Every structure is written in C-alpha cells, then in structure tokens.
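Nothing in this text is a laboratory measurement; each read-out follows from the coordinates by a stated rule. Quick caveat: nothing in here was measured; it's all calculated off a predicted structure. Methodologically, a virtual Cβ is constructed for each residue, glycine included, from the backbone with ideal geometry; neighbour enumeration extends over all protein chains shown.
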Amino acid sequence: MKKILFFLLFGVLLVSCGKKEVKQVSPESKSVMDAFSLAETVKNAFIIKDSITLQKSSTAEGYKDITANSSAYDKVEITFTPRWVDIENNQLHVNISWKSSWVVSGKRTDDRGMAVFLIEGTPMKVAKILRANPFISPKQ
C-alpha cells in the first residue's frame, strides 16, 4: 500500500511540476520587435537598391529621408545595433547605433552614428529619420 501511495504521490508531483508557465507577449514588446524588424527590412532594401520595398516600408517623408543620398555608390555595408525604444502616442522612437562602409568610385569610406527612426501607423512605417541618418554617404 505504501508503494502505491508513493508512486501515486510521485506521479502527481511529476505532472504538476512538469509544465512551465507560458507567458504571453505584451503588445508593447511585439511592437518593439516589429519595429526592429522593419528597420532591418529598410536597411536590406537600401543596400540592394529595392525602391519598391522602401516605399512600402515608409511614409513619403520617410522615403525622402532614406533616399536622401543622391550620390551613386558602388557598394555599401550597413550594420544596425538596436539600443532602445520610446513609445508615446502610437509612435515609436527606435534608437539604433549603426556603422557603415561605402565604396564610391573605388574609394572606401567608413562612418558610424546613432539614428532615431520615428515609426508609426498600422502597418508600421518609417515616418522620419532623426539625428545621424545611416543612409547618407559620408563626405569623400
């Protein structure tokens, strides 16, 4: 009888302790992850010169900020490191540290800075780039 009671108690403990609580993702957290993903999408579209994706991912003013680089470039490498996000009035201010390497007419130039992407709307779009714009080629 003791063995049966022991195994029954062991089985109850095993079942009750076996499940981990699944926490739901908060809406703010989901928005932040979507904003980081949007910034990466814009960066990748800029690198391959995909204007259609850039237009879909940004407002008219945001598109102007992204394509403000009127000079032609042979190759560009940009890396983003998301730092933090401020959420206020359905707008996200996404702070991103970036590094870039531009090749223009065979000459390589490196640059870095901290940009703030203003992201708003549903679906999310880049509305403006504040501070150091990573999509503008440095002075040659």
Worksheet item: Given a cut-off of under 8 Å on Cα pairs at least six residues apart, what relative contact order in percent is computed for region 26-131?
Response: 26
Worksheet, complete the sentence: Expressed in angstrom and rounded, the centroid-to-centroid distance over alpha carbons for region 23-71 and region 88-140 is 10
Worksheet entry | Over region 77-140, relative contact order from alpha-carbon pairs under 8 Å, at least 6 apart, % | 27
Worksheet item: Which GluC sites (Glu not before Pro) from region 76-140 combine a DSSP loop assignment with at most 13 other Cβ atoms within 10 Å?
Response: none
Worksheet item: Most exposed first by the Cβ proxy, i.e. fewest other Cβ within 10 Å, how do Ile119, Ile47 rank?
Response: Ile47, Ile119
Response to the item:
Here, Ala68 and Glu21, labelled 7 Å along Cα→Cβ, have an inter-label distance in nm of 4.7
Discussion item. Suppose each label sits 7 Å from its Cα in the direction of the beta carbon; what would the Thr41-Glu77 distance come out to in nanometres?
Written reply: 2.6
